[in-house]
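Encoded as structure tokens, the structure appears first; notes follow it.
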Amino acid sequence: MTERKPVAPFYAAAAVFVAYALFFPLYRVSHFAVAAAVSAVVFTAVSLLCRNTGRPQAEAKPAKEKEEKPTGNPELDKMLKDGRLAIAEMKRLDGNIADPEISADIVRLEQVSEKIFEQVKAEPKKLPQIRRFMDYYLPTTLKLLNAYDRASAAGISGENIDTTMKKVAGMMKTIVQAFEKQLDALFGDSALDISTDITVLENLMAREGLTGEQMHAQTSPKDDGGDIKLQV
């Protein structure tokens with residue numbers, strides 16, 4: 001794009017000629033030369049001033065929200081995107097709602113939700129396990145919190161407002177427990193694998209005689225030189 005030159009230097013130079021003409025005859029070559037020289041100086045000075053102060057500054061670009069790279073799994077990518085939006089909404093609601101107890105519950109929901117999304121991202125095969133969580137539990141929770149936010153922002157006490165706030169507040173502990181159980185359920189397969197590994201390990205150790213009686217030190221007879229023998 002072509003940069004437009006400022007017109008102020010030209011106006012300033014012309015003003016010098018006009019002002020000079022009011023006091024001195026420009027038809028004389030000497031006076032005309034002086035007026036031209038002064039105009040040139042003024043033109044240069046105003047040009048430098050416009051260059052320093054009139055240059056358009058680059059507009060600050062709004063910071064873009066950091067987006068994760070696609071995983072190649074469209075369903076997983078959608079889950080992660082919806083999860084980021086849900087957590088952002090929780091943070092907004094936490095900032096709006098003044099009640100410290102509900103605010104603490106919202107923070108806990110944020111923490112548990114983030115761990116749920118991280119766990120599923122690490123093991124995409126568990127995505128079906130949180131389908132109901134994503135389709136119903138999470139959006140319904142946000143809907144209830146938004147209802148509480150609107151009711152508390154009304155700034156008045158009324159039957160409908162008070163009832164709404166009381167019901168939502170009474171559900172928060174149950175919702176937090178439900179989120180925590182959802183996270184715990186994602187570790188079900190891992191817990192089963194660990195239990196199986198422990199059982200197999202115990203059986204192998206017992207078969208090899210490595211469990212049961214503990215190793216102990218037994219002193220041999222004196223004729224053996226008093227050596228200490230380890231027996232299982």
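Since every read-out is calculated from the coordinates, none of them should be taken as a lab result. Just so you know, these numbers come straight off a predicted model, no measurement behind them. Positions of Cβ are generated from backbone atoms using ideal geometry, with glycine treated the same way; all protein chains shown enter the neighbour counts.
Residue-wise HN-Hα couplings along segment 83-97, as the Karplus relation 6.51 cos²θ - 1.76 cosθ + 1.60 with θ = phi - 60° gives them from phi, are x, 4, 5, 5, 5, 4, 5, 4, 5, 5, 5, 4, x, 7, 7 Hz; Gly and Pro carry x.
Within the shell defined by Cβ-Cβ distances under 14 Å, the residues around M172 carry a net charge of -2, with Lys and Arg each +1 and Asp and Glu each -1. Calculated FRET efficiency, M171 to K69, Cβ-Cβ distance, R0 = 30 Å: about 0.25 to the nearest 0.05.
Placing +1 on the Cβ of every Lys and Arg and -1 on the Cβ of every Asp and Glu, with nothing else charged, gives segment 74-186 a dipole about its Cα centre of roughly 320 debye. Each residue of segment 152-167 was assigned a 3J(HN,Hα) from its phi angle through the Karplus expression (A = 6.51, B = -1.76, C = 1.60, θ = phi - 60°), giving 5, 6, 5, x, 9, 10, x, 4, 5, 5, 5, 5, 4, 5, 5, 5 Hz with x at Gly and Pro. Taking only the alpha carbons of segment 98-194, we obtain Rg and Dmax values of 16.0, 55 Å in that order.
All other residues whose Cβ lies under 12 angstrom from that of E89 are scored, Lys and Arg at +1 and Asp and Glu at -1, for a net of 0. Within segment 148-173, list the residues whose amide N lies under 19 Å from a label point set 7 Å along Cα→Cβ of E101. Residues 148-153, 157-158, 161-173 qualify, since their backbone N sits under 19 Å from the label point. Of the listed pairs K115/K181; K91/K126; K121/K143; K69/K181; K81/K166; K69/K143, which have alpha-carbon separations greater than 22 Å here? Flagged as over cut-off: K91/K126; K121/K143; K69/K181; K81/K166; K69/K143.
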